[in-house]
Amino acid sequence: MALVSTATMLRRAFASTAAGGHGGHEGGARTWKILSYVVALPGVGVCMANAWIKLQRQSHDPPGFQPYQHLRIRTKPFPWGDGNHTFFHNSHTNPLPTGYEGPHH
């Protein structure tokens, strides 16, 4: 018997499942279980590694402030705090209309 590639085995499994092959629903469950282990789990691992590598390479400094007139418009003060900070304000990533807070920006 000749060696059969994984892709050929998966095509045969899909074809027999789609054609209503023997075994009822067990063939489809087995196919999806194999796909989960062979395709999905390694795919998740590759995505996690990619995210980790990009996280290590990125700079943790915020981008330079650009005082665009159409962004950060305040027509009336917010009803909390000093009225200038949004509810989920983060001084490291969210600038105020006049720029970032703190001496290092």
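The values are calculated or read from the model by the stated rules, or taken from the named source; none is laboratory data. Not measured: the values here are computed from a predicted model. Cβ placement follows ideal geometry from the backbone for every residue including glycine, while neighbour counts extend to all protein chains displayed.
Here are the numbers for this structure:
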{"item": "Count - residues of the stretch 12-45 that are surrounded by 12 or more Cβ atoms within 10 Å (Cβ to Cβ), modelled with pLDDT under 85 and part of a helix (DSSP H, G or I)", "result": "6"}
{"item": "Total residues in the stretch 65-89, condition in contact with a His (Cβ under 9 Å, 6 or more places away or on another chain) and surrounded by fewer than 10 Cβ atoms within 10 Å (Cβ to Cβ)", "result": "0"}
